[in-house]
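Just so you know, all these numbers are worked out from the coordinates, no wet-lab data involved. Just so it is clear, the structure is predicted and the values come from calculations on it, not from any experiment. As a convention, Cβ positions derive from the backbone with ideal geometry for all residues, glycine included, and neighbour counts pool all protein chains shown.
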Amino acid sequence: MGFFDKFSDSTESVIRMARSLNADPPFGSVQENAAALRELVTKCETCTNKDGCAELLADAPELTQAPGYCVNKSTLEASRKNR
């Protein structure tokens with residue numbers, strides 16, 4: 001897997017998890033948004049349960065909470081709409 005493929009997969013996972021949680025971090029400047037996404041993707045890249053995450057998101061398009069193993073759990077849950 002190439003460099004861009006690796007980060008593309010993690011970016012997709014972050015977006016899918018955020019959507020499944022109805023999470024939408026507040027918008028800031030372009031630089032702030034890029035930094036926030038970069039941090040989420042970088043953390044996701046360290047996940048040790050990528051297969052489990054992919055299965056969870058495939059089976060449960062809507063979640064009430066992020067799984068305990070999600071390295072972005074606190075950030076995504078803090079930005080949920082209609083908490």
For this session: Could you tell me which GluC sites (Glu not before Pro) in segment 21-83 are loop residues by DSSP with no more than 14 other beta carbons within 10 angstrom of their beta carbon?
Result: E62
For this session: Taking every pair of alpha-carbon atoms in the chain, give the share separated by more than 19 Å as a whole percent.
Result: 33
Problem set entry | Cα lying deepest toward the dipole's positive end in segment 19-78, options C47, V30, A60, charges on Cβ | V30
Problem set entry | Dipole magnitude of the chain about its Cα centre (Cβ charges: Lys, Arg +1; Asp, Glu -1), debye to nearest 20 | 260
Exercise. Counting chymotrypsin sites (Phe, Trp or Tyr not before Pro) as exposed when in a DSSP loop with at most 14 other beta carbons within 10 Å, what is the longest stretch of the chain free of them?
Worked result: 28-68
Problem set entry | Cβ-based net charge around S13, under 15 Å, with every Lys or Arg adding one and every Asp or Glu removing one | -1
For this session: Note the full-extension length gain between E45 and N33 as 0.36 nm times their separation in residues minus their Cα-Cα distance, in nm to one decimal.
Result: 2.5 nm
